[in-house]
Amino acid sequence: MTEVERQALWLSFQVASAATLAALPLALGLAFALGRGRWPGKALVEVLVNLPLVLPPVVIGYALLISFGRQGWLGRWLYETLGITFVFSFRGAVLAAAVMALPLMVRALRQSIEAIDRGLEAAARSLGASRLDAFLSVTLPLAAPGLLSALVLGFAASLGEFGATITFVSNVPGQTQTLPLAIYSALQSPDGEALALRLVMYSALLAFVALGFAQWSHRRLQRWLGQST
């Protein structure tokens with residue numbers, strides 16, 4: 001394995017993991033907000049959350065660029081106030097992947113949350129549990145399958161992200177060049193077909209390992225939930 005291949009493989013794993021974990025709290029909050037009750041502006045929030053699913057990834061990348069770029073309205077403030085920059089950096093690659101993965105994670109979590117019998121939460125509250133205790137002891141364990149699905153979908157989406165990443169943070173080896181971008185670069189080279197093929201195999205292997213781990217975790221989770229009920 002060459003240095004280019006190692007860098008792309010390791011960076012892809014880092015970006016996908018970081019993006020999934022970064023998007024998870026927001027996805028969980030949005031899933032609860034959208035799956036429980038009615039409130040003004042809910043339809044608008046749903047549209048905004050799902051925009052990355054229907055817009056071309058290049059459009060999302062450009063929106064991130066004009067927002068979080070050094071001269072963007074938010075990027076300039078972050079740079080001048082906190083010294084944080086996103087363009088041409090690992091941090092920007094994580095942000096792009098997280099934005100693209102977020103709607104899939106919200107959907108998986110929302111379906112799981114909407115399927116939970118709210119009477120179980122009410123029963124826990126009637127027995128003296130606080131709202132937080134009821135959430136931690138009843139809601140969250142019952143939503144665990146959806147949580148696992150959200151993590152898998154988020155990781156897979158982040159692993160395969162291309163358009164938003166290359167538009168927002170370019171294709172910098174060792175910084176933003178994940179496996180899809182490395183494959184693209186290899187295919188632009190006259191003698192890069194062999195490298196591209198190896199990178200494709202690494203991508204498939206990483207995805208296979210992630211899905212296998214998800215299946216194993218799902219079976220363990222179902223067994224644990226069956227024993228605890």
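In a Debye calculation with equal point scatterers on the alpha-carbon sites of segment 3-228 and no solvent, what is log10 I(q)/I(0) at q = 0.09, 0.12 Å⁻¹?
With no solvent term, the Cα-only Debye profile gives -0.45, -0.75.
With springs connecting C-alpha atoms under 10 Å apart, model the chain as a Gaussian network and identify which of Ala63, Ala123, Ala182 has the largest mean-square fluctuation.
Largest GNM mean-square fluctuation: Ala123.
Given that compact globular proteins tend to follow 2.2 N^0.38 Å, what is the ratio of the alpha-carbon Rg of segment 1-117 to that value?
Relative to the 2.2 N^0.38 Å estimate, segment 1-117 comes out at 1.23.
Report the gain in length on full extension from Val200 to Gln188: 0.36 nm times residue separation, minus Cα-Cα distance, nm rounded to one decimal.
Computed gain between Val200 and Gln188 is 2.8 nm.
Using Cα springs under 10 Å in a Gaussian network model of the chain, which residue among Thr85, Thr178, Thr165 shows the largest mean-square fluctuation?
Sorting by GNM fluctuation, first place goes to Thr85.
Order by neighbour count: Arg223, Arg198, fewest other Cβ atoms within 10 Å first, most last.
Listing Arg223, Arg198 from fewest to most nearby Cβ atoms yields Arg223, Arg198.
In the chain, which helices (entire DSSP H runs) extend 15 Å or more along their own long axis, judged by Cα positions, while averaging at least 1.6 on the Kyte-Doolittle scale?
Helices meeting the span and hydropathy rule in the chain are 42-54, 57-68, 144-159.
Mind checking which of Ala214, Pro56, Phe162 is farthest towards the positive end of segment 3-228's charge dipole, using Cβ charges of +1 (Lys, Arg) and -1 (Asp, Glu) about the Cα centre?
Working it through, the farthest residue towards the positive pole turns out to be Ala214.
Report the relative contact order of segment 3-228, percent, no decimals, based on alpha-carbon pairs under 8 angstrom and at least 6 residues apart. Kindly include the intermediate steps, with their values, before the conclusion.
Working: 281 pairs, mean separation 67.7, N = 226.
Relative contact order comes out at 30 percent.
What spacing in nm lies between the two simple spin-label points modelled at Ala122 and Leu78, each 7 Å away from Cα in the Cβ direction?
So the label points at Ala122 and Leu78 sit 4.3 nm apart.
Using a Gaussian network model of the chain whose springs link C-alpha atoms within less than 10 Å, name the residue from Ala186, Ala157, Ala31 with the highest mean-square fluctuation.
Ala186
Need one number: nm distance between label points at Trp39 and Asp133, each 7 Å from Cα along Cα→Cβ, rounded to one decimal.
It is 2.5 nm.
Counting Lys and Arg as +1 and Asp and Glu as -1, what is the net charge of the other residues whose Cβ lies under 14 Å from the Cβ of Arg198?
Once positives and negatives cancel, what remains is -3.
Rounded to whole Å, give me the distance from the Cα center of segment 1-35 to that of segment 58-109.
Cα centres, segment 1-35 to segment 58-109: 13 Å.
Computed on alpha carbon atoms, what radius of gyration and Dmax characterise segment 99-194, expressed in Å?
According to the Cα coordinates of segment 99-194, Rg and Dmax are 20.8, 70 Å.
Mind listing which trypsin sites (Lys or Arg not before Pro) in segment 74-171 are in a DSSP loop and have 12 or fewer other Cβ atoms within 10 Å? Intermediate results must be reported in sequence, preceding the final value.
On the way: sites: Arg76, Arg91, Arg107, Arg110, Arg118, Arg125, Arg131; in loops: none.
Here no trypsin sites (Lys or Arg not before Pro) fit, given the DSSP loop and packing criteria.
The numbers here are math on the coordinates, done by the rules we state, and not lab data. What you are looking at is a predicted structure, and each value in this text was computed from that prediction instead of being measured. Here Cβ is always computed from backbone atoms with ideal geometry, including for glycine, and neighbour counts include all displayed protein chains.
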